[in-house]
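Derivation of every value follows stated rules applied to the coordinates shown; laboratory data play no part. Because the structure is a prediction, the values reported are computed rather than measured. Neighbour counts are summed over all protein chains in view; Cβ atoms, including those assigned to glycine, are modelled from backbone coordinates with ideal geometry.
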């Protein structure tokens, strides 16, 4: 996880990067497809960008205030943990 602060158009943006290695492109893609449908509750204050690469889910958050970043990151982690536990419980290679 990486934290950063950027100044864009004289507005301070707080950001965080998260990279989760799922060990396979399939698992990372399943988690991506599960989470991508959940939009940010305050899109004007928090933005989330996600990609999948080499079996890893890569997520970048940007927020106008640290508290929005914390809330969004925390909510994301809850969904990420649930999706990961579901994959662990039901295993790989299941037909969708």
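Couple of notes before you dig in:
- The ranking of 37, 31, 79 by Cβ neighbour count inside 10 Å, starting from the fewest, reads 37, 79, 31.
- Gain on full stretching of the segment that runs from residue 82 to residue 70 - 0.36 nm per residue minus C-alpha separation: 2.5 nm
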